[in-house]
Amino acid sequence: NKEEVNKVVSLQQVMEKACNWFENQLRKPDGDKGLKYLRSRGFSETTISKFRLGFAPDGRGKFRQEMLEMGGSLEQLVDCGLVKYNEHTASPRDYFFNRVIFPISDRRGKVIAFGGRILGEGQPKYLNSPETRLFSKGHVLYNLAEARVASRATGTIIVVEGYTDVIALNQSGLQHCVAPLGTALTEEQIFALWRVVDEPLLCFDGDNAGRRAAFRAAQRALPLLKPGKSLRFVSLPSGEDPDSLLKMRSREGFETLLAKARPLVDIIMDLELGGNSFYTPEQRASLESKLNNHIQHISDRSIQYHYQQR
């Protein structure tokens with residue numbers, strides 16, 4: 001309805017103002033440590049401006065006060081997830097402070113949420129905006145607006161783990177990269193990727209956690225597979241992430257790895273083979289039963305048949 005549309009538009013305007021405010025703080029004396037952190041990650045001025053990176057200073061309540069002076073209302077700030085009520089004192093407080101700020105946009109490029117990385121010690125290291133009328137974490141991929149456009153030239157989209165990986169790859173000239181927001185890939189995110197390309201490339205760290213994440217994504221995708229629509233997987237060398245790889249091997253080295261991407265069926269095979277031997281009939285029967293179990297999860301009959309053949 002019209003009232004709801006107007007409400008969403010006004011919340012988007014508040015998010016845009018907040019984004020500008022965080023960007024400005026990065027250039028103030030208080031924001032200097034934020035700027036130093038971003039530079040230590042190797043991000044150039046152009047990159048910092050392009051991704052609209054910012055800083056939320058430590059002065060509690062400073063953000064709220066200045067946003068109210070600019071004409072926002074407390075209700076809007078709470079609706080945007082920028083201010084929350086403290087359950088103990090029932091007083092409103094800023095959601096982000098002492099964090100480097102990464103704006104998160106929808107697929108049209110409008111700011112709908114923020115991610116914040118803490119400077120120094122503290123938990124959680126990364127904090128995302130809470131769920132709001134504008135933002136539902138499981139539906140959004142970081143940098144999808146730009147990656148959609150870039151995917152037309154490259155024919156694919158690369159999914160990496162976090163914002164900083166996306167930004168580092170982008171700076172090296174790979175604009176077709178996205179990241180989920182600190183959670184495993186959801187069905188909605190897989191569908192969002194398939195609306196853009198047939199076989200997105202999932203890029204995971206080569207360690208055990210990375211392998212587990214790859215298996216989880218593969219299992220999540222099995223029931224959704226359609227002819228032509230799948231996922232491909234790139235495994236990075238153990239202990240490396242896209243950012244460290246770029247520093248070591250350059251963009252060409254990274255692209256060489258991408259060229260070795262493996263199909264989803266291989267990931268499932270790896271998971272169950274896992275370097276074990278299958279000499280006895282019982283071991284083989286066990287393997288067959290596990291593989292059949294995965295195949296049962298595929299809802300498309302034709303794909304099920306081809307997995308069975310493989």
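The values are calculated or read from the model by the stated rules, or taken from the named source; none is laboratory data. It should be emphasised that the depicted structure is a prediction, and the values quoted were computed from it without experimental measurement. Note: ideal-geometry Cβ built from the backbone for every residue, glycine included; neighbour counts use all protein chains shown. Side chains included, ligands, DNA and RNA excluded: accessible areas come from the protein's heavy atoms. Shrake-Rupley method; radii C 1.70, N 1.55, O 1.52, S 1.80 Å.
For the chain, what does -39500 (n - 2.57) per DSSP helix run (n ≥ 4), summed and divided by total residues, give at 222 nm, in deg cm²/dmol to the nearest 500?
Helix contribution divided over all residues of the chain: -14500 deg cm²/dmol.
Have a look at S91, S172, S151 and tell me which one the Gaussian network model of the chain (Cα, springs below 10 Å) gives the largest fluctuation.
S91
Place a +1 charge on the Cβ of each Lys and Arg in the chain and a -1 charge on the Cβ of each Asp and Glu, then give the dipole magnitude about the Cα centre in debye, rounded to the nearest 20.
380
Taking amide H positions as placed 1.01 Å from N in the peptide plane, with prolines and chain starts having none, which residues 5 or more places from I104, or on another chain, fall under 5 Å of its amide H?
Sorted by chain and number, the residues that satisfy this are I112, A113, F114, G115.
Using the Karplus curve 6.51 cos²θ - 1.76 cosθ + 1.60 with θ = phi - 60°, work out ³J(HN,Hα) for each residue of region 229-242 in order, rounded to whole Hz, and write x for Gly and Pro.
Here the 3J(HN,Hα) series is 9, 8, 10, 10, 10, 10, 9, 7, x, 3, x, 9, 10, x Hz.
With θ set to phi - 60°, apply the Karplus curve 6.51 cos²θ - 1.76 cosθ + 1.60 along region 62-78 and write out the HN-Hα couplings as whole Hz, x wherever there is a Gly or Pro.
3J(HN,Hα) across region 62-78, in whole Hz: 5, 4, 4, 4, 6, 5, 5, 4, 7, x, x, 9, 4, 4, 5, 5, 5.
Which of these values of Cα extents along the principal axes in Å was calculated from the structure shown: (1) 65, 44, 40; (2) 78, 40, 39; (3) 73, 48, 42?
Read-out from the structure maps to (3).
Would you check the accessible area of Y95, probe 1.4 Å, heavy atoms only, in square angstrom rounded to 10?
Spelled out: Y95, probe radius 1.4 Å, area about 40 Å².
Name the residue from Q65, F51, G120 whose Cα lies farthest towards the positive end of the charge dipole of region 34-126, charges +1 on Cβ of Lys and Arg and -1 on Cβ of Asp and Glu.
My answer, from the dipole projection, is F51.
Can you give the charge dipole size of region 37-172 about its Cα centre, rounded to the nearest 20 debye, using +1 on the beta carbon of Lys and Arg and -1 on the beta carbon of Asp and Glu?
Value, rounded to 20: 320 debye.
List, in the order given, every pair from K36/K125; K226/K260; K50/K247; K110/K247 whose Cα-Cα distance in the structure shown is over 25 Å.
Violating the 25 Å Cα-Cα cut-off are K110/K247.
Could you do me a favour and compute the accessible area per residue for the chain, 1.4 Å probe, result in Å²?
Per residue, the chain has an accessible area of 50 Å².
Between L273, L264, L174, find the one with the highest GNM mean-square fluctuation for the chain; connect C-alpha pairs within less than 10 Å.
Judging by the Gaussian network model, the answer is L273.
Rounded to the nearest 10 Å², what accessible area does S73 show when all protein chains are kept and the probe is 1.4 Å?
Rounded to the nearest 10, the figure is 40 Å².
Of the DSSP beta bridges with both residues in region 71-206, give the percent that are antiparallel, rounding to the nearest 5.
About 80 percent, rounded to the nearest 5.
So which residue, out of Q13, Q123, Q76, gets the largest mean-square fluctuation from a GNM of the chain using Cα contacts under 10 Å as springs?
With Cα springs under 10 Å in the chain, the top fluctuation among Q13, Q123, Q76 is at Q123.
Counting only DSSP beta bridges with both residues in the chain, tell me the antiparallel percent, nearest 5.
Roughly 70 percent of the DSSP beta bridges within the chain come out antiparallel.
Leaving out ligands, DNA and RNA, and with a 1.4 Å probe, what % of the accessible surface on the chain is carbon or sulfur?
Carbon plus sulfur share of accessible area: 50 percent.
Going toward the positive end of the dipole of region 87-160, with +1 on Lys and Arg Cβ and -1 on Asp and Glu Cβ, which of G109, V160, A150 do you reach last?
Positive-most Cα among the choices belongs to A150.
Which of S286, S250, M269 sits farthest toward the positive end of the charge dipole of region 242-310, with +1 on the Cβ of Lys and Arg and -1 on the Cβ of Asp and Glu?
Going by the Cα projections, it comes out as S250.
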